[in-house]
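The values are calculated or read from the model by the stated rules, or taken from the named source; none is laboratory data. Treat the numbers as computed from the prediction; the structure is a model and nothing was measured. Counting neighbours? That spans all protein chains shown, and the Cβs are built from the backbone with ideal geometry, glycine included. Accessible surface areas use protein heavy atoms only, side chains included; no ligands, DNA or RNA. Shrake-Rupley method; radii C 1.70, N 1.55, O 1.52, S 1.80 Å.
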Amino acid sequence: ADRRDIARIVTALARLRGEGRSGEAHALLVEVAHWPARRLPPLAAELRRTGLGADWATLLWEAASLPAERLVAAADALAAAGHTGDGERILRQGVARPAQEIGRAVLGLAGEGRRREIRALLDAYVRVRTPEEAARSAEPGPGTLVPLLLAAARGVSEERHWDLVHALRVAGFTA
């Protein structure tokens with residue numbers, strides 16, 4: 001079923017692109033971004049094979065707006081299939097959302113005990129965002145978020161860790 005759906009989507013995208021119907025092609029990519037994560041790696045391969053690599057890039061951009069747990073699942077599926085660069089890219093794009101939204105998403109994941117997803121999301125977050133932005137993401141739940149942010153920053157580097165400690169203090173959070 002997955003292969004049939006992938007073939008159907010690739011055929012439809014090629015047809016829409018060939019007819020100059022970019023808006024409809026984009027709408028189809030938005031829909032596909034919500035597919036189960038397991039379908040993304042074979043879809044990536046098929047889009048690239050058929051010369052629709054630009055559509056793959058657009059699909060990654062759209063998938064970056066998925067809820068945090070689905071974003072991490074998509075990144076994991078891509079990395080597991082050897083598309084590590086795409087998995088990292090989707091996480092980097094996904095953490096561009098507002099700081100408080102990241103904080104709330106991490107709190108939700110923490111409430112579900114999803115430590116691995118938290119680590120993946122925050123690792124990308126503290127690498128991409130400034131320490132000041134990362135500190136703002138602690139606002140929804142400093143007691144939970146400050147230690148998680150600091151652990152992620154320490155995993156990046158000692159310098160990033162101390163920059164975040166300073167930014168948290170300036171923001172009024174005890175680090």
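Phi angles across region 136-142 convert, under the Karplus curve 6.51 cos²θ - 1.76 cosθ + 1.60 with θ = phi - 60°, into 3J(HN,Hα) values of 5, 6, 7, 3, x, x, x Hz, Gly and Pro given as x. Taking each residue as 0.36 nm, the span from Q100 to R17 lengthens on full extension beyond its C-alpha to C-alpha distance by 26.1 nm. For the set S157, S65, solvent exposure ranked by accessible area (probe 1.4 Å, protein chains only) runs largest to smallest as S65, S157. In terms of its alpha-carbon gyration tensor, region 1-66 comes out oblate; a/c meets the 1.5 threshold, while b/c is at least as large as a/b. Length gained on full extension, T50 to H26, computed as 0.36 nm times the residue gap minus the Cα-Cα distance: 6.9 nm. Per residue, the accessible area of region 1-66 comes to 52 Å², computed with a 1.4 Å probe over protein heavy atoms only.
For the chain, build the charge dipole from Cβ charges (+1 Lys, Arg; -1 Asp, Glu) around the Cα centre, then report which of T84, L43, V170 sits farthest towards its positive end. Value computed over the given set: L43. Rounded to 0.05, the FRET efficiency of the A57 and H166 pair, given R0 = 22 Å and the Cβ-Cβ distance, is 0.05.
For region 1-66, a simple Cβ point-charge model (Lys and Arg +1, Asp and Glu -1, everything else neutral) yields a dipole of about 260 debye relative to the Cα centre. With all protein chains kept in place, the per residue accessible area of region 95-174 amounts to 50 square angstrom at a probe of 1.4 angstrom. Distance between the pseudo-spin-label points of H34 and E159 (7 Å out from Cα toward the beta carbon): 4.3 nm.
Carbon-plus-sulfur accessible fraction, the chain (probe radius 1.4 Å, protein heavy atoms only): 52%. Descending by average beta-carbon neighbour count within 10 Å, the peptides 23-29, 90-96 line up as 90-96, 23-29, the highest first. For region 95-174, the dipole from Cβ point charges (+1 on Lys and Arg, -1 on Asp and Glu) about the Cα centre works out to 200 debye, to the nearest 20. Here the sum of -39500 (n - 2.57) over DSSP H runs of 4 or more residues, divided by the residues of the chain, equals -24000 deg cm²/dmol at 222 nm, to the nearest 500. Of E46, E133, E19, the residue with the greatest mean-square motion in the GNM of the chain, using alpha carbon springs below 10 Å, is E19.
Structure remark: mean-square fluctuation, Gaussian network model of the chain, C-alpha springs under 10 Å; the largest value among P147, P41, P131 belongs to P147.
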